[in-house]
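Report on the following structure.
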């Protein structure tokens, strides 16, 4: 299957600082990438949809000024958590949509564990 | 509003004891239904995509089926390494920047005892 990487895999930062998470599709071009967050023992909640070369579309309730998304190329999207606070601590997962045969499949990265102290 | 409900929330099986997981959905229109496996602390691993009622797909001990209202993930003779959280998600037709958006169920935590 297609491979999606995330970096870093875990990060600890102090309250008030910003953190950038990278998501890369390694062996395919992804015109669309998605960012999710997952709290312990809960399912994935979509934060935003990122299309290459255009502004991200945020889900209701997600602060676009706090979670900055950039999709500068067909293989890279970044999520920057600005002025992070402890309540932003979570597991952040990206996915990339790529063509598999005649349909588009969605492949997930390994996730990034963010802890804000 | 699109809704996805998975049952049971947790399932404990003995090794070799076959069973099924259920995913019920209510959507305005289904483009695809996805099954993923997620291990603790990791991202979801793609298993299957089903597109139309009556479709079935198999992979090793797993078989996914789809009807107009629900999908089943059948696990035949499971092994301890099949222990994980199994997630289903639906994708609805949408245009513009919403293309490909998935709505996830809460997942079923499967534990297989040796």
Given the criteria touching a strand residue (DSSP E or B) at 6+ places or on another chain (Cβ under 6 Å) and closer than 25 Å to residue B:42 by Cβ, does residue A:62 qualify? yes
How many residues are modelled with pLDDT under 90 and under 24 Å from residue B:103 (Cβ atoms) when one looks only at region A:58-86? 1
Taking residue A:46 as meeting all but one of (1) more than 10 Å from chain B (Cβ to nearest Cβ); (2) not in a loop (DSSP other than H, G, I, E, B), write down the number of the exception. (1)
I'd like to verify a number: residues in region A:49-60 that are touching a helix residue (DSSP H, G or I) at 6+ places or on another chain (Cβ under 8 Å) and assigned to a strand (DSSP E or B), how many? 3
Exactly one condition in (1) without any contact (Cβ under 8 Å) to a residue 24 or more places away in the chain; (2) within 25 Å of residue A:42 (Cβ to Cβ) is false for residue B:24; which is it? (1)
Restricting the search to region A:66-117, which residues are within 14 Å of chain B (Cβ to nearest Cβ) and part of a loop (DSSP other than H, G, I, E, B)? A:101, A:102, A:109, A:110, A:111
Failed condition for residue B:4, given (1) part of a strand (DSSP E or B); (2) touching a residue at least 24 places away in the same chain (Cβ under 8 Å); (3) away from chain A (no Cβ under 12 Å), with all others met? (3)
Please list, ordered by first then second residue, the pairs with beta carbon atoms under 7 Å, 6 or more apart or interchain, first in region B:33-59 and within 11 Å of chain A (Cβ to nearest Cβ), second outside any strand (DSSP E or B) and surrounded by fewer than 21 Cβ atoms within 10 Å (Cβ to Cβ). B:42/A:110; B:43/A:110; B:46/A:1
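The values are calculated or read from the model by the stated rules, or taken from the named source; none is laboratory data. Everything numeric here is computed off the predicted structure, so don't read it as measured data. Positions of Cβ are backbone-derived with ideal geometry, glycine not excepted, and every protein chain shown enters the neighbour counts.
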